[in-house]
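**Q** Just passing along the structure, written as structure tokens.
What follows is calculated from the coordinates using simple rules that are stated; it is not laboratory data. It should be emphasised that the depicted structure is a prediction, and the values quoted were computed from it without experimental measurement. Here the Cβ is made from the backbone with ideal geometry for all residues, glycine too, and neighbour counts use every protein chain on show.
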Amino acid sequence: MEKNETIDYQENLIPYTHDQLVAKVQEKLDDKRFQHCLRVEKQAIELANENQYDPEKAAIAGLLHDYAKQRSDHDFIKVINDKQMNPDLLDYGNAIWHGVVGAEFIKDELHIFDEEILNAVRRHTVGAPYMTQLDQIVYMADYIEPGRDFPGVEKAREITHASLKKGVFFQTQQTLSYLVENARPIYPGTIATYNAWQSEN
Ligand SMILES: [Fe+2]
Ligand SMILES: [Fe+2]
């Protein structure tokens, strides 16, 4: 999105105008990550329109998806403990936490309680066996936004524009392959997502 291009929120899904929400996200992120969030917002609108989903809700979830990305490990661990979230989460790190736990920061600091939006944030990193259309839109918008440049991104874009669900499987498969090849730990949720989305192969 061009910086001067504005979206008017009309559905009262959250207690902010678009400009206000943009400012709140910008405040918590460095410029590189903030620009990524603006591109995910725009990409989410496009995917929503392609899939007959509400573009306003997709825009909000896309803009917010990495809201907590730059919090310290200490901050995440405190939330996991204070809110008695699954202690297995402590075995992972920012890559998992900023989605699954990040939604808590959105509730507590921004007072946004729309569970569909929060779930899309929670599920954007590892997906889930069951994903709503909004979850799928944010998961894929994050992966294929125009700033992404990795081997296979063009294929990912092609697949996703043809079928959002096939895109979800493709991304999950690519992520798992990458983690295995690089001997990185795998969050069990990622495997659950992969198995559940097999039928979209
Ligand atoms: Fe993220
Ligand atoms: Fe992201």
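**Q** Rank the residues Met140, Met131, Met85 as a footprinting-exposure proxy: fewest other Cβ atoms within 10 Å of their Cβ go first. It would help to have the intermediate numbers written out before the result.
**A** Numbers: Met140 29, Met131 22, Met85 16.
By the 10 Å Cβ count, ascending, the order reads Met85, Met131, Met140.
**Q** For region 125-201, what is the convex hull (Cα atoms) projected area averaged across all directions, in square nanometres?
**A** Details: hull surface 19.3 nm².
Orientation-averaged projected area of the Cα hull: 4.8 nm².
**Q** Computed over the Cα atoms, what is the radius of gyration of the chain divided by 2.2 N^0.38 Å, N being its residue count?
**A** Compactness ratio reported: 0.97.
**Q** Along the charge dipole of the chain, which of Ile77, Ala103, Val40 sits closest to the positive end, that is, farthest toward it, with unit charges on the beta carbon of Lys, Arg, Asp and Glu (+1, +1, -1, -1)?
**A** Ile77
**Q** About the Cα centre of region 1-140, what is the dipole size in debye to 20, counting +1 per Lys and Arg Cβ and -1 per Asp and Glu Cβ, all else neutral?
**A** Its charge dipole is roughly 340 debye.
**Q** Between His74 and Asp108, take the C-beta separation as r, use R0 = 22 Å, and let me know the FRET efficiency to the nearest 0.05.
**A** E between His74 and Asp108, to the nearest 0.05, is 0.90.
**Q** Counting other Cβ atoms within 10 Å of each Cβ, which trypsin sites (Lys or Arg not before Pro) in region 52-83 have at most 12 and sit in a DSSP loop?
**A** Lys83
**Q** Related question: Hey, what number do you get for the chain at 222 nm if only DSSP H runs of n ≥ 4 count, each worth -39500 (n - 2.57), divided across all residues, to the nearest 500?
**A** -18500 deg cm²/dmol
**Q** Also: Return Ile137, Ile117 ranked ascending by Cβ neighbour count within 10 Å, so the fewest neighbours appear first.
**A** Ascending Cβ contact count within 10 Å gives the list Ile117, Ile137.
**Q** Would you be so kind as to identify which of Ala196, Leu64, Ala141 lies farthest towards the positive end of the dipole of the chain, taking Lys and Arg as +1 and Asp and Glu as -1 on Cβ and the Cα centre as origin?
**A** Positive-end residue among those listed: Ala196.
**Q** Please check: in the Gaussian network model of the chain (C-alpha springs, under 10 Å), which one of Glu158, Glu41, Glu145 has the largest mean-square fluctuation.
**A** Glu158
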